[in-house]
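K.L.:
Below you'll find the structure I mean.
The values are calculated or read from the model by the stated rules, or taken from the named source; none is laboratory data. None of these values were measured; they are calculated from a predicted model. We place every Cβ from the backbone using ideal geometry, glycine too, and count neighbours over all the protein chains shown. Calculation scope for accessible area: heavy atoms of the full protein, side chains included, ligands and nucleic acids excluded. Shrake-Rupley method; radii C 1.70, N 1.55, O 1.52, S 1.80 Å.
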Amino acid sequence: MTNQINFNKLFKSLLFLILLISASLSAQEAKYVFFFIGDGMGLAHVAAAEAFMDADDNKNTSGGLSFTKFPVTGLSTTFAENRFITGSAAAGTALATGHKTSINTIGMDAAKKLPLETIAEGAKKNGFKVGIISSVSIDHATPACFYAHQPERNMYYQIALELPASHFDFFGGGGFKDYGGADGQISVVENALNQGYKITDTKNEFYELKKGDGKVIAMGSVLEPSGAMRYAIDQTHEDIPLKDFVSKSIELLYSEKGFFIMCEEGKIDWAAHENDGASAVNNVIALSEAVESAIDFYRKHPDETLIVVTADHETGGFAMGSSLKKYDSDIKLLKLQEISAQSFTVLADSLFSVRQNQNPEFAMHLVEVYFGLGGETGIPLSDYETEMLESAYFVSAGKTELESNQEYQLYGGYHPLAVTATHILNNRAGLGWTTWSHTASPVPVYVLGAGSDSFNGFYDNTDIPKKIARAMNINFNN
Ligand SMILES: [Zn+2]
C-alpha cells in the first residue's frame, strides 16, 4: 500500500516536472527571428507550386515546399484602412508596424502624418541585429515598410535616403529603383557609403563578405532596370539566388544578441499581376529555398528560433482550375515555358523591331519556342487559341486598335502576345486568373519554432508583428 502511494506521488511529481519543462520550452523566447513575405502569395500560388514540383508524377501530394510542413498554420485578413483590397505599402505597414494604414503609405498612420515604429526598428532598439532582404529593389514597398516612413510608396529616393538612417546591419537582394544623384543631389549609394555602409554588387564581393565587415548593402549580381533581381525562371549561375542572401545574412548577423531578418520574395506578385503562372510558381519555389536556409539554422537552434512565412495579399485571383479544363489539371505543361513573360516581352519587342519579323507567322513561331504552344513542336492549338494569339500580335504591333477598357481587360497593360500566351498555357494546365490586380482573399501563415503556438487560427495582418514581438519579448510601437 505504501509502495502504491509512493508510486502515485512519484508519477504525479514526474508529470508535474514534464509539464513544467514543456511549459518553459514553449515559453522560450525567440532570439533568432525570420519573417518571410511572399508578395502576392495566396493559397493557390502555394498549392500550384507544390503541384508543379510533383507534376511529372501527376500527383499533388508530396508537399514539396519547405514551409507547408510547418506545425502551426494560420490565416490572415489583409484589408487596408481605406480599401478592402489592399496594396503592398498598406499591407507591408500592417505587417511591419501592427497598424492599418491607407493605400500607398509607407510606415505612417492612415492620415500620412505620424511615423509608426516598425518591428525591425523595435528589434534594433532592443539589441538585435537586423537584416532586410528582397528579391525586388530594396526601396520597394515591402522592404521599405520595415525601415522607412514616407507618405507615398513611389518616393523611392526619399525612402532610399532613410535606409542608412535605420542603422540596420544588412540589406540584401535587389538594388535601388531610384539611385538619385542628378543635379548635384547626393546619390543614394554615396549617402549610404557616407554613413558607413559597405556596398557590394558582384558575386565575388558577395561571397567574400564576412563577419566584422560592418553594415552591408549586398545587391544582386544581375539586376533588372527596375533594380529587381531576375525572375527565378530566368536566373542562371550569374545570379545570386535569394536563399544565398538569407544564408549570408545569418552568417553576418549571428551572435548571442539575436537577430531579426525579414526576407521578401517580391516577384511572386509581379508574375501574378502578369498572370504568368510558370514564373509565379518558380518564385514560390525560390522563396521555399530561402526558407530552407532559415530551417537549416533552426535545426541548430530549435528552442530560440522563430520562422514565420506569410503574404501581404493575394495577387491575380489565382485558382487551381480553369473553365477550359473543367475538372482536369495538367500542371506539368507549365514546364513548356522557357522564360518569364517579362523577359519574353523584352525579347519579342527587340525582335519585332526588325521589319522582316513583323508578321503573325513570326509571332506564332516565338510562342512555339518560348511557351511550347502550337507549331511543329508545341501542344496543338485550337483555331480559337490561334486566333487569340494572332489578334494579340496585331494589337502589340499597333495594327489593331482596341477601345481602352477592352484592351485592359484582355491584356492588363502588358505585352498582348506574352499575356495571351501565358493565359492559354495556364488554362491548358488547369489554372485560372481573374484579375490583373490584388484580391481581398485572406492569406496563409506558416510558422515554426519558439512562440509559434500563438499563430494558430484566423486573425488580421496587424496581429502578426504583435505576435512576433511577444515571441521575442520586446516592446515596440507603444
Ligand atoms: Zn504586395
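K.L.:
Among all residue pairs at least 6 apart or on different chains, which show Cβ distances below 7 Å where the first residue, located in the stretch 424-440, is farther than 23 Å from Asp328 by Cβ and the second is in a strand (DSSP E or B) and within 16 Å of the ligand (Cβ to nearest atom)?
P.N.:
Taking only residues 6 or more apart or on different chains, the pairs are His438/Glu314; His438/Thr315; Thr439/Glu314.
K.L.:
Please identify the pairs in which a residue from the stretch 75-91 that is away from the ligand (no atom under 13 Å from the Cβ) has its Cβ atom under 9 Å from the Cβ atom of a residue that is aromatic (Phe, Trp, Tyr) and outside any loop (DSSP other than H, G, I, E, B), counting only partners at least 6 apart or on another chain.
P.N.:
Leu75/Phe458; Leu75/Tyr459; Ser76/Phe458; Ser76/Tyr459; Thr77/Phe458; Thr77/Tyr459
K.L.:
Would a scan of the stretch 322-337 turn up a residue that is assigned to a helix (DSSP H, G or I), over 28 Å from the mean Cα position of the chain (by Cα) and surrounded by 14 or more Cβ atoms within 10 Å (Cβ to Cβ)?
P.N.:
no
K.L.:
Moving on. For the stretch 286-305: of the residues being more than 19 Å from Val443 (Cα to Cα) and hydrophobic (A, V, I, L, M, F, W, C), which is surrounded by the most Cβ atoms within 10 Å (Cβ to Cβ)?
P.N.:
Ala294
K.L.:
Same structure again: When Asn275 is evaluated against the numbered criteria (1) over 18 Å from His45 (Cβ atoms); (2) assigned to a loop (DSSP other than H, G, I, E, B), which criterion, by number, is the only one it fails?
P.N.:
(1)
Residue-wise test of (1) on the phi > 0 side of the Ramachandran plot; (2) among the hydrophobic types (A, V, I, L, M, F, W, C); (3) under 19 Å from the mean Cα position of the chain (by Cα).
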{"residue": "Tyr197", "(1), (2), (3)": "no, no, no"}
{"residue": "Asn204", "(1), (2), (3)": "no, no, no"}
{"residue": "Asp239", "(1), (2), (3)": "no, no, yes"}
{"residue": "Lys243", "(1), (2), (3)": "no, no, yes"}
{"residue": "Glu265", "(1), (2), (3)": "no, no, yes"}
{"residue": "Ala271", "(1), (2), (3)": "no, yes, yes"}
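K.L.:
Scan the stretch 437-461 for residues that are more than 16 Å from the ligand (Cβ to nearest atom), within 19 Å of Thr77 (Cα to Cα) and open to solvent by less than 30 Å² (accessible area, probe 1.4 Å) and jot them down.
P.N.:
Tyr446, Val447, Ser452, Phe455, Tyr459, Asp460, listed by residue number.
K.L.:
If you don't mind, there's one more thing I want to ask. I'd like to check something: does the stretch 415-423 contain any residue that is outside any helix (DSSP H, G or I), in contact with an Asp or Glu (Cβ under 9 Å, 6 or more places away or on another chain) and more than 16 Å from the ligand (Cβ to nearest atom)?
P.N.:
yes
K.L.:
Only one of Leu410, Leu425, Leu431 is among the aliphatic types (A, V, I, L, M) and open to solvent by 30 Å² or more (accessible area, probe 1.4 Å). Can you tell me which?
P.N.:
After ruling out the rest, the residue left standing is Leu410.
K.L.:
May I pose another question? Pairs needed: first member in the stretch 387-404, in a helix (DSSP H, G or I); second member anywhere, open to solvent by 60 Å² or more (accessible area, probe 1.4 Å); C-beta distance under 7 Å; at least 6 residues apart or different chains.
P.N.:
Val395/Glu407
K.L.:
Another question, then. Could you list all residues from the stretch 249-261 that are open to solvent by 10 Å² or more (accessible area, probe 1.4 Å) and in a helix (DSSP H, G or I)?
P.N.:
Matches in the stretch 249-261: Ile250, Glu251, Leu252.
K.L.:
If we scan the stretch 292-310, do we find a residue that is on the phi < 0 side of the Ramachandran plot, within 16 Å of the ligand (Cβ to nearest atom), not acidic (Asp, Glu) and not assigned by TED's automatic domain parsing to the domain that holds Gly378?
P.N.:
Checked the stretch 292-310: at least one residue is on the phi < 0 side of the Ramachandran plot, within 16 Å of the ligand (Cβ to nearest atom), not acidic (Asp, Glu) and not assigned by TED's automatic domain parsing to the domain that holds Gly378.
K.L.:
Quick test of your reading of the structure: Gly317 fulfils all but one of (1) part of a helix (DSSP H, G or I); (2) within 16 Å of the ligand (Cβ to nearest atom); (3) open to solvent by 10 Å² or more (accessible area, probe 1.4 Å). Name the failing condition by number.
P.N.:
(1)
K.L.:
What are the pairs with Cβ atoms under 7 angstrom where one residue, in the stretch 312-338, is closer than 23 Å to Pro444 by Cα and the other, located anywhere, is of a type in the set (Asp, Glu)? Sequence gap at least six, or different chains.
P.N.:
Every condition considered, the pairs that remain are Asp312/Asp39; Thr315/Asp269.
K.L.:
Sort through Val291, Val309 and tell me the only one that's closer than 22 Å to Gly174 by Cβ and either in a loop (DSSP other than H, G, I, E, B) or out of contact with any helix residue (DSSP H, G or I) (no Cβ under 7 Å at 6 or more places or on another chain) (or both).
P.N.:
Answer to the check: Val291.
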